[in-house]
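Since the structure comes first, as structure tokens, the remarks are kept for the end.
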């Protein structure tokens, strides 16, 4: 009888240790699992949090005279036309629009005398904000993609979405 009580006494601390160890491991696994799940959920709930702005250098202000245009191509190949609409050293003096007509993909160009972007394929016309004013693009309510610009220290920069940098 004394042998049995000695084995129960010596087995009890071992069992409690293994029980605590398994509880600790299970708690750690649950914490890691829920933490990973929360991180992925946060990424989908707040997709743009911490996304840096992607400003790309376009030109110096002296490279564009009033009414002049400058073709610009993004690293991914998207074609943009940057036009200087008036003299000045602020971003409001410039406009950057996609140089591809949304109707059939023809190239558009700036006509300073008419203050519009023109697509010669089907006589599509766009105002300085990129909204269609004539031709098939106007009938389909299509517009050119507009890109934000900024001026710093006499240099013109364009903001591009992340997918156009790939």
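The values are calculated or read from the model by the stated rules, or taken from the named source; none is laboratory data. Since the model is a prediction, treat every value here as computed from it, not as a measurement. Please note: Cβ atoms are built from the backbone with ideal geometry, for glycine as well, and neighbour counts cover all protein chains shown.
Consider residue 155 carefully, then state whether it is modelled with pLDDT of 90 or more, surrounded by fewer than 17 Cβ atoms within 10 Å (Cβ to Cβ) and under 23 Å from residue 58 (Cα atoms).
yes
Within segment 77-94, is there a residue that is under 17 Å from residue 147 (Cα atoms), in a loop (DSSP other than H, G, I, E, B) and touching a residue at least 60 places away in the same chain (Cβ under 8 Å)?
yes
Hey, does segment 52-75 have a residue that's loosely packed, with under 10 Cβ neighbours inside 10 Å, assigned to a helix (DSSP H, G or I) and at pLDDT below 85?
Taking every residue of segment 52-75 in turn, none turns out to be loosely packed, with under 10 Cβ neighbours inside 10 Å, assigned to a helix (DSSP H, G or I) and at pLDDT below 85.
Could you say whether any residue in segment 102-122 is in contact (Cβ under 8 Å) with a residue 12 or more places away in the chain, in contact with a helix residue (DSSP H, G or I) (Cβ under 8 Å, 6 or more places away or on another chain) and in a strand (DSSP E or B)?
yes
Can you pull out every residue in segment 123-143 that is touching a residue at least 12 places away in the same chain (Cβ under 8 Å) and in a loop (DSSP other than H, G, I, E, B)?
Within segment 123-143, 123, 127, 128, 129, 130, 140, 142 meet the criteria.
In the list 94, 40, 46, which residue meets the criterion of being at pLDDT 90 or above and within 25 Å of the chain's Cα centre (by Cα)?
The match here is 94.
I'm trying to understand the selection: among the residues of segment 128-137, which are at pLDDT 90 or above and more than 16 Å from residue 100 (Cβ to Cβ)?
133, 134
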